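These notes concern the structure reproduced below.
The values are calculated or read from the model by the stated rules, or taken from the named source; none is laboratory data. A quick note: this is a predicted structure, and the numbers were derived from the prediction, not measured. So basically every Cβ, Gly included, is an ideal-geometry build from the backbone, and we count neighbours across all protein chains shown.
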């Protein structure tokens, strides 16, 4: 049996590891396109602040992890999939046959359709190669514009601020992390960042990025001419001078570096002609099977089941990728395991202010909701209920025991009388959890 | 023989010696807020509930970690955080459905109960026998694990 996995991120690596556990003798080939050992994009911000070296980003730390499990690593880009012939075309012209295939090709940052987005001063912050480029350009005192204050933008934000750059954040939404936090919480995070010296522009939009030569009163003249002579300008490999970032409001900001973090999109291009059903991502059933025989999908490329809604959507978060990778691999190896759905959840550290959101944090129709807001203390908590079951939560400035919010949501524990107590004081969530979820084994034991 | 913490809330008087011992062992300071075991106070009922990691088999924290910083010490029966490898991303803190792994802003990494390498200081410090370190099969741990399984995303 030959298992082929495309994509060496968390979903792919978890799947390879799980497959080896299930099938000691099968052939396992893990294909990744980047010239690095399998690594975690989640760790890149910590590389940027030099908390870790590149090896610290690797998904598995043991030197012989792949070799000792007979997992063959292949560094190639997959260009096409032939589901009828059960084979892949690789960028070097070779082909690779499979008996069972997992597509875990992840996602790529979208490129907003903005004039000048191809300038050498514009970078995404997605790969180790991006990180190396950013480390070079984002020196103390550099002027940096970050486009996008979503989850990924905010994670990078902290790393950039710690590199002591002069940072301006431009976000289209009316608050920070608009898809993870409501108005109060998102603006609390914004205020925190402003207090820390970061310029945050919300409801703002970049309309163009002007190269040094083209910018009015900036970058022309002798230096611009010299840079042109030596191959500077739009097609140069090295950034040459400051660009001017133009906003819809008319404001102009000079920048040594522009980081584009305006969202990600599943990597589906190579599936053209494969016959595999896709929408936002690859459509999968509850066993993570795609529409093609012997092909499964996992992680940021898969439109998996959402626990809270029962809908199928791309969540693009680490815990979901790992769950997908594991469940897909079990099914590939012959088990029959259904995915109950993953909870959409995130945790974020913006310059020391920690926020998190879980499940249906925005609430449900006919549900109940309670929130507490302490703006001076930068604390916030909001709980969402359907009947007496917790279905969503978000908080700012809370770090202890926050996992119980996931526990209560995922076990759909009836809170009974504790629902009313939480409506009166939502900070008592840990007590509610102990009394309700663990009632039989802990609190109730001597009742 | 695998041993695990057994907690009998009925015997807990809320003295919080366990929190002090844990904090001193791991953080070298008597600071209950840094303790990995926490005593919850149900003041309306006059009841105290010590609570910490059950070292569950699902190991949500370990599975969610993007950088391989949490490992299972099989001989100890504990899931252990490597402070050297942890980057402080906090994904484990939202993944653990028991809420027993938390971020420590002071150290920049997460912390959880590691059973003190086989001699848990909380159990040693407990004056009433509410926290004991005993043969794992006798702790009622299975009941807690049943609950843990309810949170499994794979039902099948």
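Here's the yes/no breakdown for (1) at the interface with chain B (Cβ under 7 Å from one of its Cβ atoms); (2) more than 21 Å from the chain's Cα centre (by Cα); (3) not in a strand (DSSP E or B):
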{"residue": "A:36", "(1), (2), (3)": "no, no, yes"}
{"residue": "A:45", "(1), (2), (3)": "no, no, yes"}
{"residue": "A:52", "(1), (2), (3)": "yes, no, yes"}
{"residue": "A:55", "(1), (2), (3)": "no, no, yes"}
{"residue": "A:62", "(1), (2), (3)": "no, yes, yes"}
{"residue": "A:66", "(1), (2), (3)": "no, yes, yes"}
- Number of the exception - residue B:41 against (1) over 14 Å from the mean Cα position of the chain (by Cα); (2) part of a loop (DSSP other than H, G, I, E, B): (2)
- Per the filter on the range B:91-114, residues part of a strand (DSSP E or B) and at the interface with chain A (Cβ under 7 Å from one of its Cβ atoms) are B:102, B:103
- Starting from residues that are in contact (Cβ under 8 Å) with a residue 40 or more places away in the chain and surrounded by fewer than 22 Cβ atoms within 10 Å (Cβ to Cβ), keep the ones in the range A:49-65 and report whichever is farthest from residue A:259 (Cα to Cα). A:60
- Message: Considering only residues that are under 17 Å from residue B:36 (Cβ atoms) and either out of contact with any helix residue (DSSP H, G or I) (no Cβ under 8 Å at 6 or more places or on another chain) or not assigned by TED's automatic domain parsing to the domain that holds residue B:133 (or both), which ones fall in the range B:1-14?
- Response: B:7, B:12
- Message: Just to confirm my filter: which strands (runs of 3 or more DSSP E) fall fully inside the range A:234-350 and include at least 2 residues that are within 14 Å of chain B (Cβ to nearest Cβ) and either at pLDDT 95 or above or touching a strand residue (DSSP E or B) at 6+ places or on another chain (Cβ under 6 Å) (or both)?
- Response: A:302-305, A:345-350
- Among the candidates A:74, A:13, single out the residue that is more than 12 Å from chain B (Cβ to nearest Cβ), touching a residue at least 12 places away in the same chain (Cβ under 8 Å), closer than 20 Å to residue A:267 by Cα and not in a loop (DSSP other than H, G, I, E, B). A:74
- Out of B:74, B:25, B:19, sole residue that is away from every other protein chain (no Cβ under 12 Å) and crowded, with 22+ Cβ neighbours inside 10 Å: B:19
- Message: Among (1) free of Cβ contacts under 8 Å to residues at least 40 places away in the same chain; (2) surrounded by fewer than 24 Cβ atoms within 10 Å (Cβ to Cβ); (3) more than 30 Å from residue A:26 (Cβ to Cβ), there is one condition residue A:349 misses while meeting the rest; what is its number?
- Response: (1)
